[in-house]
Structures are given as C-alpha cells and as structure tokens.
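Below is one structure; the comments refer to it alone.
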Amino acid sequence: MNAPGPGGPELLEITANAGVVQARQAVRALAQACRLSLVEQTKLITAASELARNTLIHGGGGTMAAALVEERGRRGVRLVFADRGPGIPDVDLALTDGWTSGSGMGLGLSGSKRLVDDFVLDTTPGQGTTITVTKWAR
C-alpha cells in the first residue's frame, strides 16, 4: 500500500464470520476518518463485506489490510484482501454479473468492482487470490 496512515495498514485475519464483521467495522472507521460521504462509505463497506466473505468462503480464509492512502493530492481508503485458496480459474467469467461459483446471486466480485474507484484482481489457480480496492474521497 502506498502512503498508509500514521499507524500503517491495519491487518485483520478473516478466518471466521467474526472476521467479516471486524473487517466491516474497520472499513467503516477508516471511511469516516477519510471523510467519505455517507453514500461512498456505504459503497465501500458493502464491497468490503462481499470481498471479506469471498475471502472466507472461497479462499478458505485470509487477511484484509486496510489503510488511508494519499496519491496525487487525493485521499482515500485502500483495502487488500488476500488468501491462499484455490484461486480463480476464469477471471472474466467470475467478473460476469449473474455468474456464481456457489449459491449466491453472482454479484460479489462484479458488484464490488462497481462500488469502488480502483479494483485490481491478482489470482493464480492453486495459489490464491489478492484483490486490492481503493475508494477516493470526492
């Protein structure tokens, strides 16, 4: 992460449902500290919740690093979700609205991508997935 906040990135383990709840709470606190609007806070928290749940369910657990960032005169919140799960064999398919690898509605990855300003997915089948998202203050 570039230019983390004063305390550096916060790292949370996501190994149970409690980790998903903690991730949402941490993201809410950072979004407020960044002075995101209520609508932008809600978008980021929703995306974080989906990505944390994917980390747990599809990745077998992992981590979320969260930090305030500043780049090119902008301030935002950056989240990095990482797991060592099976990876995503077909990224294009996984980012297609309506496609699901389980019993969900198929809006997790594609919906999360729409809710944030920057979305980077790095995955290797058999090695895991890292998703980095950033929401910039307006």
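Condition first: under 11 Å from the mean Cα position of the chain (by Cα), among the β-branched types (V, I, T), over 13 Å from K135 (Cα atoms) and not in a helix (DSSP H, G or I). Can you find one or more residues in the stretch 55-64 that meet it? Within the stretch 55-64 (the criterion being under 11 Å from the mean Cα position of the chain (by Cα), among the β-branched types (V, I, T), over 13 Å from K135 (Cα atoms) and not in a helix (DSSP H, G or I)), the answer is yes, since at least one residue qualifies. When R72 is tested against (1) free of Cβ contacts under 8 Å to residues at least 40 places away in the same chain; (2) on the phi < 0 side of the Ramachandran plot, exactly one condition is not met: (2).
Do you know which residues across the stretch 29-58 are small (G, A, S) and crowded, with 23+ Cβ neighbours inside 10 Å? Selection gives A31, A47, A48, A52. Of the residues screened, V80 is one that is more than 19 Å from R138 (Cα to Cα), at pLDDT 95 or above, β-branched (V, I, T) and not in a loop (DSSP other than H, G, I, E, B). Residue check: is L109 of a type outside the set (S, T, N, Q), at pLDDT below 95, surrounded by 12 or more Cβ atoms within 10 Å (Cβ to Cβ) and not in a strand (DSSP E or B)? Yes.
Does R28 satisfy the condition of being in contact (Cβ under 8 Å) with a residue 24 or more places away in the chain and farther than 16 Å from T129 by Cα?
Values: in contact (Cβ under 8 Å) with a residue 24 or more places away in the chain: no; farther than 16 Å from T129 by Cα: yes.
For R28, the condition - in contact (Cβ under 8 Å) with a residue 24 or more places away in the chain and farther than 16 Å from T129 by Cα - is not met.
Among the candidates L121, L93, single out the residue that is aliphatic (A, V, I, L, M), crowded, with 17+ Cβ neighbours inside 10 Å and either touching a residue at least 24 places away in the same chain (Cβ under 8 Å) or part of a helix (DSSP H, G or I) (or both). Unique residue meeting the criteria: L121. Looking at the stretch 28-37, can you tell me whether even one residue there is assigned to a helix (DSSP H, G or I), within 12 Å of the chain's Cα centre (by Cα) and not acidic (D, E)? Looking for residues that are assigned to a helix (DSSP H, G or I), within 12 Å of the chain's Cα centre (by Cα) and not acidic (D, E), one finds none in the stretch 28-37, hence no.
The values are calculated or read from the model by the stated rules, or taken from the named source; none is laboratory data. Here the structure is a predicted model, which means the values were calculated and not measured. Don't worry about glycine lacking a Cβ; one is built from the backbone with ideal geometry, like all the others, and counts go over all protein chains shown.
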